[in-house]
Amino acid sequence: MSYHLGLDSSTQSLKGLIIDAAAGTIVAQMTVNFAKDLPQYQAAYSPSGDPLEKHAEPLLWVAALDLLFTRMQAEGAPLDRVVGIAGSGQQHGSVYLNSRADAILAGLDPAKNLIEQLAPALSRQTSPIWMDSSTSAQCAEVSAAIGARLQTDTGSPAIERFTGAQIRKFYQQEPAAYAATASIHLVSSFMASLLCGSHAPIDYGDAAGMNLLNLHTLTWDPAICEASAPGLLGKLPPAVPTHTVIGKLSPYFAKYGFSNDVTISAWTGDNPASLVGTGATRPGLAVVSLGTSDTFFAVLDPYRTDPEGCGHVFGNPTGGFMCLTCFKNGSLARERVCEEAGVDWTFFDVTAFQQTPVGNHGQLALPWFEAEITPPVLTPGLRANFDFANAAAATRIRAVIEAQILSIRVHSQWIGNFETIRVTGGASRSTGILQTLANVFQATVETIAVQDSAALGAAMLAAHVVGRHSYAALSKALAPAIATFTPDPASGRIYQDLLDTYLQLEATAKG
Ligand code: XUL
């Protein structure tokens, strides 16, 4: 029996999930929660105190990998039967390595831990992550140098959290450390490099989130790289299709019980992996992922870009392209509203919707506690069109959920209409949210059994690339729809009217 392992290195945790692709079952699952299990490292903080800046310590991800495998082994997970590994990482975040990294990766010593061995390979102690929006100046500079083709060729206009602008800021603020940087990885390719014991390439799915990959030629764009930071092209690993075998598992990991012949497949971004893990790699199906951030994504065919500039184009791991729109104030905002209202999840999830009417009498609240990505708003703060602070808890909750979902609808319009939307992520267990999604979009909403769709997608990628299993069979067995929410036409009319109110609130909020 041979198994495949999918890993997902996200903002708040590292997850591992082993599948038996032939049987179509999940055989083991494990999570390392950064805040709980590794509180000595920062997962999202501002080294300079600028609230728009958000970095993580890359050694956190290294420590998490050691801990995850230690725990999986201790719990008896069948690591010895794993023949293929793929993974996904939070998108856009970057890791900076010096010229010692090659020898360090190649010579990992099982007698020592990973953290002490990797520390000397870093040319930068922190990694800017996707929550960072501190690079507006750098975005303006690259846009001015490249012009409109930045969006048409890379799939997105200059975006603050995208890696190109982040690298430019590093080059400007720490030129000596930039010069001492031999390779710049994404979180995904960095984690893959640890597993392989050599520099891993970056797949098209995640590379497209850098504002550096030309999606027409599927190669790094030399002029855009040079306009972002001098000599950048020479510091980037190769860009490759997601279906690329990138090496064998480093002998370092044998100590956890892995065999000496495990194939590593290229890692990708968490959203591209979720496209696979939700079974949405065929056209016609859209996905709403309700995680730390909320994202809306689907296969994109033919290639086109968002006229409003909020949406992005990434590589679809199974070939072609996918589109994605990201809303930063997702679950963290929902959790905060729930906490501030002093209610439990059951109230938030069900009771609040029973106590309030669809449309909430036009009362809406945008929970932009952090600078928002879509639409781009750099000044944080909740925006409501009613006296939010003095309203009943149920009214506040409906106002936030309806505003979040109307925002997803407005900003995904450029992609087209969908009859079916699959929902994944932690908040997809909320029936109130799921029914509101069905009503706002007037689409059938489906949930799938596994909420960790990125880790599942990564395991499916490994099973496809290494084990030659078909995506159709993998999706059917591992990502079937388990519950369906049907749209209510009367609610649809209410939300159609509420769209104008939403757009007015958004326009005021943008200032
Ligand atoms: C996508 C994005 C986020 C991260 C979260 O563009 O920024 O969804 O990938 O991990």
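The values are calculated or read from the model by the stated rules, or taken from the named source; none is laboratory data. Everything numeric here is computed off the predicted structure, so don't read it as measured data. Here the Cβ positions follow ideal geometry from the backbone for every residue, glycine too, while neighbour counts run over all protein chains shown. Side chains included, ligands, DNA and RNA excluded: accessible areas come from the protein's heavy atoms. Shrake-Rupley method; radii C 1.70, N 1.55, O 1.52, S 1.80 Å.
Structure data summary
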{"quantity": "Inter-part distance where segment 327-358 and segment 491-511 are each reduced to a Cα centre, Å", "calculated": "20"}
{"quantity": "Excluding exposed DSSP-loop trypsin sites (Lys or Arg not before Pro) (at most 10 other C-beta within 10 Å), longest clean stretch of the chain", "calculated": "113-467"}
{"quantity": "Set 36/169; 328/510; 54/248; 169/235; 54/328; 54/255 screened for pairs whose C-alpha atoms are more than 24 Å apart", "calculated": "36/169; 54/248; 54/255"}
{"quantity": "Residues whose placed amide H lies under 5 Å from that of residue 240, excluding near-sequence neighbours", "calculated": "202, 203, 204"}
{"quantity": "Using θ = phi - 60° and Karplus 6.51 cos²θ - 1.76 cosθ + 1.60, couplings along segment 233-238 (whole Hz; Gly, Pro as x)", "calculated": "3, x, 9, 8, x, x"}
{"quantity": "Length-normalised contact order for the chain - Cα pairs under 8 Å, 6+ apart - percent", "calculated": "16"}
{"quantity": "C-alpha center-to-center spacing [segment 288-315, segment 131-194] in angstrom", "calculated": "19"}
{"quantity": "Mean-position separation - Cα centroids, segment 397-442 and segment 211-252, in angstrom", "calculated": "34"}
{"quantity": "Cα-based helix-to-principal-axis angle, 431-441 vs the chain, degrees rounded to 10", "calculated": "80"}
{"quantity": "Cα gyration tensor shape for segment 159-236, rounded if a/c is under 1.5, else prolate or oblate", "calculated": "oblate"}
{"quantity": "Global form of segment 244-360, assessed from the alpha-carbon gyration tensor, a/c cut-off 1.5", "calculated": "oblate"}
{"quantity": "Amide H contacts of residue 365 (H built 1.01 Å from N, under 5 Å, at least 5 apart or other chain)", "calculated": "400, 403"}
{"quantity": "Distance histogram for the chain (every C-alpha pair counted, 10 angstrom bins, percent rounded to whole numbers)", "calculated": "4, 20, 31, 27, 14, 4, 0"}
{"quantity": "Beta bridges by DSSP in the chain, antiparallel share as percent, to the nearest 5", "calculated": "70"}
{"quantity": "Heavy-atom accessible surface of segment 3-266: percent carbon and sulfur, 1.4 Å", "calculated": "54"}
{"quantity": "Segment 475-481 - phi-based ³J(HN,Hα) in whole Hz, Karplus 6.51/-1.76/1.60, Gly and Pro as x", "calculated": "5, 4, 7, 9, 10, x, 5"}
{"quantity": "Phi to ³J(HN,Hα) by Karplus 6.51 cos²θ - 1.76 cosθ + 1.60 over segment 279-287, Hz, x for Gly, Pro", "calculated": "x, 9, 7, 9, x, x, 10, 10, 10"}
{"quantity": "Accessible surface, segment 102-220, averaged per residue in Å² (probe 1.4 Å)", "calculated": "31"}
{"quantity": "Amide H contacts under 5 Å for residue 292, placed H, 5+ residues apart", "calculated": "331"}
